[in-house]
1. What tally of residues in the range 364-382 results from selecting those that are at pLDDT 95 or above, surrounded by fewer than 17 Cβ atoms within 10 Å (Cβ to Cβ) and not in a helix (DSSP H, G or I)?
2. Quick test of your reading of the structure: residue 254 fulfils all but one of (1) within 18 Å of residue 181 (Cα to Cα); (2) modelled with pLDDT under 95. Name the failing condition by number.
3. Report yes if some residue within the range 72-86 is closer than 17 Å to residue 124 by Cα, out of contact with any strand residue (DSSP E or B) (no Cβ under 7 Å at 6 or more places or on another chain) and surrounded by fewer than 19 Cβ atoms within 10 Å (Cβ to Cβ); otherwise report no.
4. Among (1) more than 30 Å from residue 375 (Cα to Cα); (2) modelled with pLDDT under 95, there is one condition residue 84 misses while meeting the rest; what is its number?
5. Considering only residues that are over 20 Å from residue 382 (Cα atoms) and touching a helix residue (DSSP H, G or I) at 6+ places or on another chain (Cβ under 8 Å), which ones fall in the range 3-36?
6. Answer yes or no: is there a residue in the range 306-329 that is touching a residue at least 60 places away in the same chain (Cβ under 8 Å), crowded, with 16+ Cβ neighbours inside 10 Å and assigned to a helix (DSSP H, G or I).
7. Working only within the range 105-158, note down all residues that are within 23 Å of the chain's Cα centre (by Cα), surrounded by 15 or more Cβ atoms within 10 Å (Cβ to Cβ) and assigned to a loop (DSSP other than H, G, I, E, B).
8. Would it be correct to say that residue 46 is touching a helix residue (DSSP H, G or I) at 6+ places or on another chain (Cβ under 7 Å), in a helix (DSSP H, G or I), assigned by TED's automatic domain parsing to the domain that holds residue 312 and buried (at least 19 other Cβ atoms within 10 Å of the Cβ)?
């Protein structure tokens with residue numbers, strides 16, 4: 001039954017953009033690249049100062065491909081999927097700033113009246129020890145609360161409809177390191193790996209039970225193509241924790257989750273791809289995550305030393321997204337030409353590559369130069 005759920009939809013029944021994306025997934029050499037973008041920090045400035053009217057206008061100007069991936073939620077992004085969430089409230093008026101408790105229980109310093117578009121400053125996190133973990137957070141990750149199940153059910157018809165259109169079905173979830181960091185804070189977490197590894201284990205076992213339960217729910221109705229873990233485990237010099245810590249505290253849960261996902265597929269012939277998203281210099285831990293089954297990686301932050309051409313040659317079966325250097329985009333047409341001409345011919349011939357900015361496009365990139373970049377990329381998208 002070729003319904004997009006129990007087996008793949010026939011190619012002729014897919015939209016053009018979905019066919020292009022499947023060519024990427026199947027690493028088809030010389031296929032037209034799928035045209036999309038990772039995201040923007042520049043949008044407000046382009047609208048305010050450079051005459052852009054809306055993101056929809058930008059999409060038309062840049063001739064992006066229509067959406068081809070349908071993302072299933074219910075498992076967080078940069079934070080745990082708490083149900084219920086913490087009450088968002090102002091804790092302290094600080095003049096031009098305010099200290100706020102956010103939905104994930106963190107105390108965050110914001111500009112007054114503005115909650116996004118900049119890097120927040122965190123003053124406190126909800127987990128300090130086993131007691132605060134259980135009192136503040138653990139109970140909010142119960143997989144079986146009526147509110148959580150009601151929310152999952154409310155999206156089910158949309159998931160099924162997109163699967164039947166042949167969309168690539170992707171489950172998005174917060175990765176283990178990012179999740180732990182949101183609970184404890186980046187510095188306290190590093191100490192906790194040494195001071196209380198049993199607490200780390202309890203947090204990760206809770207993460208796994210919730211993730212496995214939600215995936216099980218979704219897989220009763222659709223087949224999945226990607227499990228995207230938003231990890232952010234690296235910085236400019238490599239991993240923020242040691243390979244030993246990754247092996248001990250993260251990979252066993254990832255491996256079991258992937259094993260369970262593959263076993264539950266309604267379409268038994270459909271592979272589940274394991275996609276890691278991380279900033280920073282990821283090269284040193286690629287072999288480690290490959291052992292756990294990773295076969296897609298992004299966004300390849302060039303400022304940290306990542307290079308999609310180098311990694312694409314070293315790992316010819318790895319699906320790659322990102323890698324266009326935001327710094328080069330800001331230097332004008334000549335720099336953009338050099339970057340595009342170095343990367344795109346090689347990576348299109350290889351297959352399995354989607355060119356996007358190596359993170360959100362920053363304000364330093366002018367709208368004029370960004371549109372020029374997209375025009376160059378169009379040459380490889382047809």
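1. Here the count works out to 2.
2. All conditions are met except number (2).
3. First, pick out the residues of the range 72-86 that are closer than 17 Å to residue 124 by Cα: 78-80, 85-86.
Narrowing the set further to residues that are out of contact with any strand residue (DSSP E or B) (no Cβ under 7 Å at 6 or more places or on another chain) leaves 85.
Checking which are surrounded by fewer than 19 Cβ atoms within 10 Å (Cβ to Cβ) leaves us with 85.
Looking for residues that are closer than 17 Å to residue 124 by Cα, out of contact with any strand residue (DSSP E or B) (no Cβ under 7 Å at 6 or more places or on another chain) and surrounded by fewer than 19 Cβ atoms within 10 Å (Cβ to Cβ), one finds at least one in the range 72-86, hence yes.
4. (2)
5. 3, 4, 5, 9
6. no
7. The answer is 105, 106, 125, 143.
8. On the way: touching a helix residue (DSSP H, G or I) at 6+ places or on another chain (Cβ under 7 Å): yes; in a helix (DSSP H, G or I): yes; assigned by TED's automatic domain parsing to the domain that holds residue 312: yes; buried (at least 19 other Cβ atoms within 10 Å of the Cβ): yes.
Considered against the rule, which asks whether it is touching a helix residue (DSSP H, G or I) at 6+ places or on another chain (Cβ under 7 Å), in a helix (DSSP H, G or I), assigned by TED's automatic domain parsing to the domain that holds residue 312 and buried (at least 19 other Cβ atoms within 10 Å of the Cβ), residue 46 comes out as yes.
The values are calculated or read from the model by the stated rules, or taken from the named source; none is laboratory data. Here the structure is a predicted model, which means the values were calculated and not measured. Note: ideal-geometry Cβ built from the backbone for every residue, glycine included; neighbour counts use all protein chains shown.
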